[in-house]
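Undergrad: Sending over a structure as structure tokens; questions will come in a sec.
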Amino acid sequence: MNIQIFGVKKCFDTKKAERYFKERKIKYQFVDLTMKGLSKGELQSVKTAVGLKNLINLNAKDYKKLNMDHIISESGREEMILNNPSLYNTPIVRNGKQATVGYVPRIWESWQE
């Protein structure tokens with residue numbers, strides 16, 4: 001397994017996701033979204049797995065500020081979240097081409113098989 005956790009240090013669910021993998025002694029790479037967002041390729045891979053809609057946090061402070069509710073085109077929304085990592089729902093947990101958004105250990109368990 002090649003686990004990547006994209007999240008924010010202050011996010012409770014991100015901390016829980018890290019703890020989940022630590023407790024099972026599964027190595028993972030943590031990517032702090034406040035420092036570095038997803039690359040275009042990573043975004044495409046995660047979007048294919050979970051869908052763009054699930055990646056965007058509708059309650060993020062910047063969501064309204066950036067008028068995201070008025071951006072209808074998918075490419076426009078992609079561009080906005082690439083440039084504003086604060087718009088992501090977290091944690092985004094990725095294992096190769098598989099990915100999840102949020103704390104979902106029942107899915108992560110299936111990756112261990």
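The values are calculated or read from the model by the stated rules, or taken from the named source; none is laboratory data. Because the structure is predicted, anything quoted here is derived from the model rather than measured. SASA here: full protein model, heavy atoms, side chains in, ligands and nucleic acids out. Shrake-Rupley method; radii C 1.70, N 1.55, O 1.52, S 1.80 Å.
Undergrad: Using a 1.4 Å probe on the protein chains only, how many percent of the accessible area of the chain belongs to carbon and sulfur? Intermediate results must be reported in sequence, preceding the final value.
TA: On the way: 3430 of 6840 Å².
C and S atoms contribute 50 percent here.
Undergrad: Next question. If the limit is 32 Å between Cα atoms, which of LYS40/LYS65; LYS9/LYS65; LYS25/LYS64; LYS22/LYS65; LYS27/LYS64 go over it?
TA: Details: LYS40/LYS65 23 Å; LYS9/LYS65 23 Å; LYS25/LYS64 39 Å; LYS22/LYS65 36 Å; LYS27/LYS64 36 Å.
Too far apart for the 32 Å limit: LYS25/LYS64; LYS22/LYS65; LYS27/LYS64.
Undergrad: In Å and from the alpha-carbon atoms only, list the Rg and Dmax of the chain.
TA: 13.8, 43
Undergrad: Continuing with this model, one more query. Going from most exposed to least, what order do MET1, MET80, MET68 have by accessible area with a 1.4 Å probe? Mind showing how you got there, number by number?
TA: Details: MET1 110, MET80 45, MET68 0 Å².
The residues order as MET1, MET80, MET68, largest area first.
Undergrad: Another question, if that's okay. May I have the convex hull volume per residue, in Å³, for the Cα set of the range 74-113?
TA: Working: hull volume 3.2 nm³, N = 40.
Considering the Cα atoms of the range 74-113, their hull volume per residue is 79 Å³.
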